[in-house]
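*Asks:* I am attaching a structure below and will ask some questions about it afterwards.
Values in this text are rule-based calculations from the coordinates and carry no lab data. From a predicted model like this one, the values you see are computed outputs, not experimental measurements. Methodologically, a virtual Cβ is constructed for each residue, glycine included, from the backbone with ideal geometry; neighbour enumeration extends over all protein chains shown.
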Amino acid sequence: MFWYGYNGHLAVGTSSQYILQSIFSSGNLNDGKTAIPLLKGIHERLSLASLRYQTMDAGYDFEPIYEQVHRMGQQSVIAYNKRNEGEIVGFDEHFAPTCVREHSYRYDSFDSKHETLKYTRPKECQDCPLANDGLCQKVYKVKTTTDLRKYTAPTRERFKCLESHF
């Protein structure tokens with residue numbers, strides 16, 4: 001197999017800018033394959049109670065990485081990498097639920113005890129006759145564990161501004 005160069009994979013603390021963990025690999029190795037050993041190294045070697053979020057670019061958008069971060073008791077903030085996935089009916093591009101008229105529900109809060117995202121009815125639906133008929137829910141809850149990749153806390157809508165910085 002031909003490869004050229006090396007990659008340095010670094011986990012860096014955002015406050016201190018210290019390197020918390022590092023792995024060096026051959027240049028042909030995908031970034032996503034080094035993330036789990038990097039995360040396990042941080043978890044095993046460092047006891048940082050203030051470490052709550054793992055922020056990564058779209059190269060790390062793989063389900064096993066989300067699962068590892070969840071097992072560590074932390075939240076994933078990973079840029080979404082759309083891989084020829086079809087449109088999901090009933091949800092917007094940030095995976096927030098939509099009403100019958102396709103207005104996005106507004107993120108309200110995260111219940112860490114039940115790992116649930118809470119959304120409230122869109123403001124466009126206040127005068128909608130469908131809301132009074134019971135077709136649109138007032139509150140919509142989604143468990144993050146149904147799909148750790150799509151339902152993150154903070155929600156994808158909340159950290160979409162971060163994605164542009166990657």
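*Asks:* Considering every residue within segment 73-90, establish whether at least one is closer than 16 Å to Asp147 by Cα, aliphatic (A, V, I, L, M) and surrounded by fewer than 14 Cβ atoms within 10 Å (Cβ to Cβ).
*Replies:* Scanning segment 73-90 turns up at least one residue that is closer than 16 Å to Asp147 by Cα, aliphatic (A, V, I, L, M) and surrounded by fewer than 14 Cβ atoms within 10 Å (Cβ to Cβ).
*Asks:* Here are some residues: Ile42, Ile23. Which one is in a strand (DSSP E or B) and not polar (S, T, N, Q)?
*Replies:* Ile23
*Asks:* Pairs under 9 Å by beta carbon, first residue at positive phi and surrounded by 14 or more Cβ atoms within 10 Å (Cβ to Cβ) in segment 93-112, partner of a type outside the set (Val, Ile, Thr) and part of a loop (DSSP other than H, G, I, E, B), six or more apart or different chains?
*Replies:* Phe95/Tyr80; Phe95/Asp147; Phe95/Lys150; Phe95/Tyr151; Phe95/Arg156; Phe95/Glu157
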